[in-house]
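Notes to accompany the following structure.
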Amino acid sequence: MKCKTLLLPVFILFTLALQAQKNSWYIGGNTGFANTSYKTETNGANSNAGKISSWSLSPEIGTFLTNNLAVGLGVTFNGTKSDPQNNLFNTTKQTMTGVTAYTRYFFGKEAFKPFAGFNVSVLSGKGKTTSVSTNFETTTNSFGANLNAGFSYAVSKRVNVLGSMGFLGYRRTSSTQTGTDLKQITNEFGIDANSLGDRFNIGFYFTL
């Protein structure tokens, strides 16, 4: 099988103070897009091919309760689509919306500040699966929480670069097929659990 993936993540955050300090506010968010194409060959002939695409948009707002402690709330919109070229395989679409609450504690007073954080998210959405022989919809609900760590680096008085990585998390996902009693529940827990998006994010804080 041959795969090709295109990733276009963008992370931009704005703060409303010259420096991160008590009672300062910031707004911003992140957006991303990924596209994967695949092809399976059997004796030189294509037996299956298609593409999988996904997108996300997460605006957020936050404030510093102290010079080191920040809390924030984000709204998440994302979607995925699997589109095989072979009609024998299912085409699936899914969109999700939800909220994420987080807190981060920054250490130190220098330009480079490591931090530890905690996130909680709730997502809900619907999906649709179609093929030659089937056509049905699903409702999905997801709850996730994780501990994460990262850093903030002050490029200048107005610009900060922030990187974060989730390293211990839990996620519970429940999917129900519309009009039936068919329900699927998955629980994930462990180190490097991908419970709240990408395992590693890079963001930019711009001070107005």
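Calculate one ³J(HN,Hα) per residue across the range 90-97 by plugging θ = phi - 60° into the Karplus curve 6.51 cos²θ - 1.76 cosθ + 1.60, and present them in order as whole Hz with x for glycine and proline.
Rounded to whole hertz, the list is 6, 9, 10, 10, 8, 10, 9, 9.
Just to be sure I understand the model, the point goes 7 Å from the Cα along the line to the Cβ. What's the resulting L73 to S37 distance in nm?
Going from the L73 label point to the S37 one covers 4.3 nm.
Full extension from E188 to Y153: what is 0.36 nm times the residue separation minus their Cα-Cα distance, to one decimal in nm? All intermediate terms of the calculation are to be shown ahead of the outcome.
Details: separation 35, 0.36 × 35 = 12.60 nm, distance 3.21 nm.
Stretched fully, the E188-Y153 segment lengthens by 9.4 nm.
Quick one: length gained pulling K22 to A116 fully straight, 0.36 nm per residue minus the C-alpha distance?
32.1 nm
In the range 66-133, how many lysine pairs have Cα atoms under 21 Å apart, counting only pairs 8 or more places apart or on different chains?
Value for the range 66-133: 5.
We did not get these values from a lab; they are worked out from the coordinates using the rules stated. Since we're looking at a predicted model, the values are computed, not measured. Cβ coordinates were reconstructed from backbone atoms using ideal geometry, including for glycine residues, and neighbour counts include every protein chain displayed.
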